[in-house]
1. Give the number of residues within the stretch 229-247 that are modelled with pLDDT of 85 or more and in contact with a Leu (Cβ under 9 Å, 6 or more places away or on another chain).
2. Collect the residues in the stretch 170-185 that are surrounded by fewer than 18 Cβ atoms within 10 Å (Cβ to Cβ) and part of a helix (DSSP H, G or I), keeping them in residue-number order.
3. Of everything in the stretch 64-76 that's modelled with pLDDT of 80 or more and surrounded by 19 or more Cβ atoms within 10 Å (Cβ to Cβ), which residue is farthest from L243 (Cα to Cα)?
4. Tally time: how many residues in the stretch 211-238 are part of a helix (DSSP H, G or I) and surrounded by fewer than 22 Cβ atoms within 10 Å (Cβ to Cβ)?
5. Look through the stretch 144-169, keep the residues that are of a type in the set (S, T, N, Q) and more than 16 Å from the chain's Cα centre (by Cα), and return whichever of them is surrounded by the most Cβ atoms within 10 Å (Cβ to Cβ).
6. With closer than 30 Å to R233 by Cβ and either touching a Ser or Thr at 6+ places or on another chain (Cβ under 6 Å) or of a type in the set (A, V, I, L, M, F, W, C) (or both) as the only criterion, which of L125, L157 stands out?
7. Would you check which residues across the stretch 77-110 are outside any helix (DSSP H, G or I) and either touching an Asp or Glu at 6+ places or on another chain (Cβ under 8 Å) or at pLDDT 90 or above (or both) and list them?
8. Quick check: anything in the stretch 126-134 at pLDDT 80 or above, among the β-branched types (V, I, T), crowded, with 16+ Cβ neighbours inside 10 Å and under 29 Å from W169 (Cα atoms)?
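The values are calculated or read from the model by the stated rules, or taken from the named source; none is laboratory data. Since the model is a prediction, treat every value here as computed from it, not as a measurement. So basically every Cβ, Gly included, is an ideal-geometry build from the backbone, and we count neighbours across all protein chains shown.
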Amino acid sequence: MNNMQIKRKGKRILRIVGAWLVVMIIIFPIYWIGLTSIRPVDEILTYPPRFFPDVKTVSLDHYKTVLSGKIGSSTNQYGLPTFFMNSVILAITTTLITIFISLFAAYGLVRVSFKGRKLMSHLILLCYLIPGIALMIPMFSMAVRLRLNNTLGGVVLFQIAMNLPLGIWFTKAFIKGIPESLEESARLDGCNRLQVILQIILPLSIPALVVVGFNMFLASWNDYLLPSILLDRERLKPLMVGLYIYFNQNIGVVWGEVMASAVIAMVPVFFVFFYFQKYIVGGLSMGAVKG
């Protein structure tokens, strides 16, 4: 083995070790959250900390507590199950409506010629570039005037308004790469424009729409600021806002229950990602090339 081969092998080993270090840095906080959620309080507070679980003391008591609707000394009427279902309703509704509008809007911007098409595209891009925090006061004012505050429908509407520009632009970039000859062939067979969208564009755009949907789901699921501004009624609050109510009422941090709640909050995101992983990776790569 000559010096060149030794250098190449050494670089390869360094790359592998570096990659594993990065992976471990990313995974360790998730591992620690899960580990803390199944430990009794005395082990959680042990110093120095133990990095491996004790099988004899593993317990699901923290999960039972938070799933029963209680955290620490909190006396709220509504608990984690209510907040969880509110988040599910908000995330799924926002995602499905955003995907539907993004498909038709992107198709119109790419395939339909009309006056002001470029201006509309630029305006959509401008809306995407505006920081969300700058829109909070106008959104709250509109919600109050339209009586959309303290309703899940109002939160869905404004979440769609904030996330739709990204969905349209990503879908638009993908539809540009679909050959127009496919649509022309379908029209020759007697399909109208709606049938072309549903039978040709929609199946081919699934990878892009899954990426859009995943981003919309993640943004809605993790959203804290908008629901906290628009919702005063405790029974309507989503998971991120509802858990803050609990943790803010306790003297000190109830670490086991906090971590159990965090694990439960992560489960839907992991499920959606791993279930649609093939489409998400494919859609991101194709969107990057075609955009």
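1. 7
2. Residues satisfying the conditions are E180, S181, L182, E184, S185.
3. Applying the filter and picking the extreme gives T65.
4. Qualifying residue count, the stretch 211-238: 10.
5. Across the stretch 144-169, the extreme among qualifying residues is N149.
6. The match here is L157.
7. Of everything in the stretch 77-110, those that are outside any helix (DSSP H, G or I) and either touching an Asp or Glu at 6+ places or on another chain (Cβ under 8 Å) or at pLDDT 90 or above (or both) turn out to be Q77, Y78.
8. no
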